[in-house]
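What follows is a single structure, written as structure tokens, with notes after it.
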């Protein structure tokens, strides 16, 4: 069963957005992430921002990119939930760590934080709704 068929068969809450919305939202957010995170790393390489403040940005990218292989490659709701919780935590840490040096980076990532917060609740709900059905879908 391919991943899109598998995902389509999962039980989802009534308030789950249609699947087509994720592409445009992530496209806009990835532009914000690319620019803001890129400037954080650039300033860290220049020594203007401590590497400890840049660390959570790297972790956030790692966790963000792991989500798709965990959710759709391994078809694991529980691993995807753990990953998105780490993504959310790393983003909160990143925003707090960079605020003293580049407050605009924290502000510009508020939409990303809001989307990841929503996606975390959605993933938690999907995971909960499919606990007993996980083995049946595989």
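Things to note:
- Sum of -39500 (n - 2.57) over DSSP H runs of 4+, divided by residues of the chain (222 nm, nearest 500): -24000 deg cm²/dmol
- Projected label distance in nm at residue 10 and residue 122, using a 7 Å step from Cα toward the beta-carbon: 1.0
- Cα gyration tensor shape for the range 71-114, rounded if a/c is under 1.5, else prolate or oblate: prolate
- Rounded to the nearest 10 degrees, the inclination of helix 110-129 to the longest alpha-carbon principal axis of the chain is 20 degrees.
- As a proxy for reagent exposure, 14, 43 were ordered by neighbouring Cβ count within 10 angstrom, fewest first; the result is 14, 43.
- For the chain, the spread of Cα coordinates along the three principal axes comes to 53, 22, 22 Å, biggest extent given first.
- Neighbour-count order for 84, 33, 21, fewest beta carbons within 10 angstrom listed first: 21, 33, 84
- On Cα atoms only, tilt of 77-98 relative to the major axis of the chain in degrees: 20
Where a number appears in this text, it was derived from the coordinates with a stated rule and is not lab data. In this text, all values refer to a predicted model and were calculated from it rather than measured experimentally. Cβ sites come from the backbone with ideal geometry, for glycine too, and all protein chains shown count toward neighbours.
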